[in-house]
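Reading through the structure tokens given below for one structure.
Every number in this text was worked out from the coordinates using simple rules, so none of it is lab data. As the structure is a computational prediction, the values presented were derived from the model and not from experiment. Counting neighbours? That spans all protein chains shown, and the Cβs are built from the backbone with ideal geometry, glycine included.
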Amino acid sequence: MSTLATTVDGLKFTNPFVIGSGPPGTNVKVIKRAFKEGWGGVIAKTVSLDCSKVVNVGPRYAKLMANDGKEVIGWENIELISDRKFEIWLDEFKEAKDACPEGILIASVMEEYNKDAWCQIIERCQDAGVDAFELNFSCPHGLPERKMGAAMGQDPGILEKVCGWVMGVSKIPVWAKMTPNVTHIEEPTAAALRAGCHGVSAINTIRSVMGVNLETLRPEPTVEGYTTPGGYSSKAVKPIALRMVMEIAQLIKKDFPGRTLSGLGGVETGADAAQFILLGSDTVQVCTGVMKFGYGLAKDLCEGLLEFMESKGFETIDDFKGLSLPYFTTHAELVRMQLARKAEDAAAKERASMVKNDAEWDGDDFVKQSNELSR
Ligand SMILES: Cc1cc2nc3c(=O)[nH]c(=O)nc-3n(C[C@H](O)[C@H](O)[C@H](O)COP(=O)(O)O)c2cc1C
């Protein structure tokens, strides 16, 4: 009998499905709802110490629809981190843990490049009883002028220093959330893991421009006639997320064995989640999928993943974590392997035809046939 229960960094998850930081974890009411609907964990919307510096605009979403005009396949947002008061968040973390002690509650935090601010936010959330941290180094549009989010995550030197500050005060597991808006995601990942983070999450949204309105000739989402590049998520980003998860998992396997990976980007089904786990994820997060399908998606995800595990005879998540990782190589190696296989096929065909010739030889024309063979 297969089980979805899994322990990651000492955290006991009833299943590997975790709500990714964003609107689905934006207050205690929805966090409690998520646990009741069966999510193994919830990462709350990213918080900072001073919400007065966080000013959102509207509209802040734009969607890419499939040709049927009904299904959302890509989602751009220019939403910032939470604009709710930090003190209220601390009360809500306590309330969520009191109401749902089994649910794994992870605080997502972001601060400026300031040691005191990072230490303070970690200590106060920790005292409120959260189970773990996710450090948001990855929001592509949010507050680059304050060197926050991706602006920090794109600089491995700064990232390593900040992770070091956090590890100096955190008594609970810490995951660093990586931005995909870099050439080599292994570099900031290695920096976070060198600083001692227990694991990483990947990916946050991809910097994007959703499109231009051909009536108004203005880019979207349009705010006062203008826009700013935002973060792209949902189904369309899954192939990019899988590639980055694979690269991180290979780095972990080679240089940081035992560290963990929380994979996300476009997950909507148990089959999607199975692929993230096969490429090395310990847990799988969903953000936009919850906005599209609701909190009840947890049930479908669990059923779909269990069905896959039972069809393959896997009893636990660890039985198949990273199993597909060894099947990546270079293009040059693919060429070499394919030429070698074709040569092997030709040789086997030649051997088979010689055996056939021997078996069919009736002794006539002996001289003619032996002359042909020796030619
Ligand atoms: C509207 C919206 C708001 C988001 N806000 C946050 C945030 O506050 N902190 C964060 O770390 N990620 C945030 N994200 C990124 C998601 O957590 C996730 O990394 C990304 O959307 C890819 O996963 P998905 O395709 O399952 O949404 C947000 C995403 C969306 C769509």
Check: Where nothing but the Cβ of Lys and Arg (+1) and of Asp and Glu (-1) is charged, how large is the charge dipole of the chain around its Cα centre, in debye to the nearest 20?
Finding: 700 debye
Next item on the list: Would you compute, from DSSP H runs of 4+ residues alone, the mean residue ellipticity of the chain at 222 nm, taking -39500 (n - 2.57) per run and dividing by the full residue count, rounded to the nearest 500?
Entry: -12500 deg cm²/dmol
Next item on the list: Using a/c under 1.5 as the rounded threshold, could you call the range 1-158 rounded, prolate or oblate? The axes a ≥ b ≥ c are square roots of the C-alpha gyration tensor eigenvalues, and prolate needs a/b larger than b/c, oblate otherwise.
Entry: oblate
Item checked: Pairwise centroid distance, computed over Cα atoms, of the range 62-141 with the range 179-255, Å -> 17 Å
Notebook entry, point to check: What's the local net charge at PRO24, with K and R +1, D and E -1, over the other residues with C-beta under 10 Å away?
Noted result: +2
Check: By the gyration tensor of its Cα atoms, with a ≥ b ≥ c the square roots of the eigenvalues, what is the shape of the range 68-178: rounded for a/c under 1.5, prolate for a/b over b/c, or oblate?
Finding: oblate
Notebook entry, point to check: Which of the helices in the chain, when you take each full DSSP H run, stretch at least 15 Å along the axis at their Cα atoms and have an average Kyte-Doolittle score of 0.0 or higher?
Noted result: 156-169, 238-255, 297-312
Checklist line | Under 12 Å from the Cα of LYS63 - aspartates and glutamates, other chains or at least 8 residues apart | finding: GLU71, GLU76, GLU220
Checklist line | Taking HIS331, HIS198, HIS184 and counting other C-beta atoms within 10 Å, the order from fewest to most | finding: HIS331, HIS184, HIS198
Next item on the list: Show which lysines lie in cross-link reach of LYS147 when reach means a straight Cα distance below 17 angstrom and same-chain residues fewer than eight apart are skipped.
Entry: LYS53, LYS115, LYS161, LYS177
Checklist line | log₁₀ of I(q)/I(0) at q = 0.10, 0.12, 0.15 Å⁻¹ - the chain, Debye sum with one point per alpha carbon | finding: -0.64, -0.88, -1.34
Checklist line | Cα gyration tensor shape of the range 287-329, rounded if a/c is under 1.5, else prolate or oblate by comparing a/b with b/c | finding: oblate
Notebook entry, point to check: Summing Lys, Arg as +1 and Asp, Glu as -1, what charge do residues with Cβ under 12 Å from the Cβ of THR205 carry, THR205 excluded?
Noted result: 0
Next item on the list: Work out the charge dipole of the chain with +1 on the Cβ of Lys and Arg and -1 on the Cβ of Asp and Glu about the Cα centre, then indicate which of ALA298, VAL57, ALA190 is farthest towards its positive end.
Entry: VAL57
Notebook entry, point to check: How high is the relative contact order of the range 6-322, in percent, with contacts defined as C-alpha pairs under 8 Å that are six or more residues apart?
Noted result: 18 percent
Notebook entry, point to check: In the range 109-215, which GluC sites (Glu not before Pro) are in a loop and have at most 12 other Cβ atoms within 10 Å, using DSSP for the loop call?
Noted result: GLU215
Margin query: If you take every DSSP beta bridge fully contained in the range 6-322, what fraction is antiparallel? Give it as a percent rounded to 5.
Written below: 40 percent
